[in-house]
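The values are calculated or read from the model by the stated rules, or taken from the named source; none is laboratory data. Note that this is a predicted model, so its numbers are computed, not measured. Note: ideal-geometry Cβ built from the backbone for every residue, glycine included; neighbour counts use all protein chains shown.
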Amino acid sequence: MLYMTQDLLASRFKLIKNSGCEVLPLGEALQHLYAGTLPSKSVAITFDDGGYDFYRGAYPVVRDFGFPVTVYQTTYYSDFPKPIFNLACSYLLWKSRRHGLQAAPELGIPREVDLSSEVERREVLNHIHAFAEQQNYSGAAKDELALRLATLLGQDYEAFCASRLFQLMTPEEIRELSARGVDFQLHTHRHRTPKEEGLFRREIRENRRRLEEITGKPATHFCYPSGVYQLDFLPWLRQEGVTSATTCEPSLISAATNPLLLPRLVDTSFKTSLEFESWLDGTGALLARRPVSARMNHD
């Protein structure tokens, strides 16, 4: 599930509860599925990334309903408590959309731009991202770049950081929710899926090591960041002991589904209650159009 208000999330949970569906923990649901013992109307609920908004906004709803949930948690920005670089820069540019921006070669911005244009904002963001990659900036250096952008735009970066917008849960928050029953699983360390085997497998290993250090529990289920996957990834995941991997392909799961290519409904605030209910009774899957899987990486 993606960003939505507490009220909307609660309304979704009410629909699940009233539908007669049985909500199962992810691992248990998959065990029953492949053993042929899964109840006919079963749901597993997952959240991606592990943002602070889950801790502050979603978890209280989860707690009130008592549903088991899985969070696919990326870990680099959990240990580096700053806004996620790309999201922070995008937000800062959007906040200044009524203004222009002068050329700033020190940020990778080659010319003056009109920030009222979404196309121009996207171009600026691409320039900043490319500049940071060319300079091989660390997380700390990228954060300094975001600070310089905020200063150039006349925005209070310290207040922005204090709001914890676009930040992940800290290790302490993850540990707290894990102790309360939230299941934390793999989402790569840096929220990326390198096409080179060694780098890809390192992302899984670093993510697992950190999660297991924090929660003291095994992490064997995985979600492809941003839904990005290639078939080459499957044997690499198997070699890393990953037992399931979730995509963003819209469909229902059956016993014939490859456990490393699990589809799901990605819910957003743009979906109507009727659309959501149609997935609970199975008709939504019949009408879904399966998109061509993305083949590029996102940082």
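Quick check on my filter: what residues within the range 242-275 are under 24 Å from residue 7 (Cβ atoms) and under 20 Å from the mean Cα position of the chain (by Cα)? If you could, list the steps in order and put the result at the bottom.
Applying the first criterion (under 24 Å from residue 7 (Cβ atoms)) to the range 242-275 yields 264-275.
Matches in the range 242-275: 264, 265, 266, 267, 268, 269, 270, 271.
Quick one: is residue 183 crowded, with 17+ Cβ neighbours inside 10 Å and either charged (D, E, K, R) or free of Cβ contacts under 8 Å to residues at least 40 places away in the same chain (or both)?
Values: crowded, with 17+ Cβ neighbours inside 10 Å: yes; either charged (D, E, K, R) or free of Cβ contacts under 8 Å to residues at least 40 places away in the same chain (or both): yes.
For residue 183, the condition - crowded, with 17+ Cβ neighbours inside 10 Å and either charged (D, E, K, R) or free of Cβ contacts under 8 Å to residues at least 40 places away in the same chain (or both) - is met.
Going through the range 140-156 one residue at a time, which ones are in a helix (DSSP H, G or I) and either in contact (Cβ under 8 Å) with a residue 40 or more places away in the chain or surrounded by 15 or more Cβ atoms within 10 Å (Cβ to Cβ) (or both)?
Step one: of the range 140-156, the residues in a helix (DSSP H, G or I) are 140-153.
Within the range 140-156, 140, 142, 143, 145, 146, 147, 148, 149, 150, 152, 153 meet the criteria.
Are any residues in the range 10-68 in contact with an Asp or Glu (Cβ under 8 Å, 6 or more places away or on another chain) and aliphatic (A, V, I, L, M), and if so, which ones?
The answer is 10, 15, 26, 43.
Report, ordered by the first and then the second residue, all pairs with beta carbons closer than 9 Å, sequence separation of six or more or different chains, a first member in the range 204-227 that is within 17 Å of residue 46 (Cα to Cα) and modelled with pLDDT under 95, and a second member that is among the acidic types (Asp, Glu) and assigned to a loop (DSSP other than H, G, I, E, B).
Note: pairs meeting the criteria are 227/249.
Residues to consider are 107, 87; find the one that is touching a residue at least 60 places away in the same chain (Cβ under 8 Å), aliphatic (A, V, I, L, M) and surrounded by 12 or more Cβ atoms within 10 Å (Cβ to Cβ).
Values: 107 fails: touching a residue at least 60 places away in the same chain (Cβ under 8 Å).
Answer to the selection: 87.
Return the total of residues in the range 113-132 being closer than 18 Å to residue 155 by Cα and not hydroxyl-bearing (Ser, Thr, Tyr).
Going through the range 113-132, the residues closer than 18 Å to residue 155 by Cα turn out to be 113-116, 121, 124-125, 128.
Within this subset, residues satisfying the condition of being not hydroxyl-bearing (Ser, Thr, Tyr) are 113-115, 121, 124-125, 128.
Counting residues in the range 113-132 that are closer than 18 Å to residue 155 by Cα and not hydroxyl-bearing (Ser, Thr, Tyr) gives 7.
With the structure loaded, tell me whether residue 50 is among the small types (Gly, Ala, Ser), over 17 Å from residue 160 (Cβ atoms) and touching a His at 6+ places or on another chain (Cβ under 9 Å) or whether it fails that test.
Numbers: among the small types (Gly, Ala, Ser): yes; over 17 Å from residue 160 (Cβ atoms): yes; touching a His at 6+ places or on another chain (Cβ under 9 Å): yes.
Yes: the conditions hold for residue 50.
What tally of residues in the range 214-251 results from selecting those that are buried (at least 21 other Cβ atoms within 10 Å of the Cβ), part of a loop (DSSP other than H, G, I, E, B) and of a type outside the set (Val, Ile, Thr)?
3
For the range 36-87, give me each residue that is under 13 Å from residue 171 (Cα atoms) and among the small types (Gly, Ala, Ser).
50, 51, 78, listed by residue number.
Going by the conditions given, is residue 35 without any contact (Cβ under 8 Å) to a residue 24 or more places away in the chain, surrounded by 20 or more Cβ atoms within 10 Å (Cβ to Cβ) and not acidic (Asp, Glu)? Break it down into steps so the answer makes sense when it comes.
Details: without any contact (Cβ under 8 Å) to a residue 24 or more places away in the chain: yes; surrounded by 20 or more Cβ atoms within 10 Å (Cβ to Cβ): no; not acidic (Asp, Glu): yes.
When the stated conditions are applied, residue 35 does not pass them.
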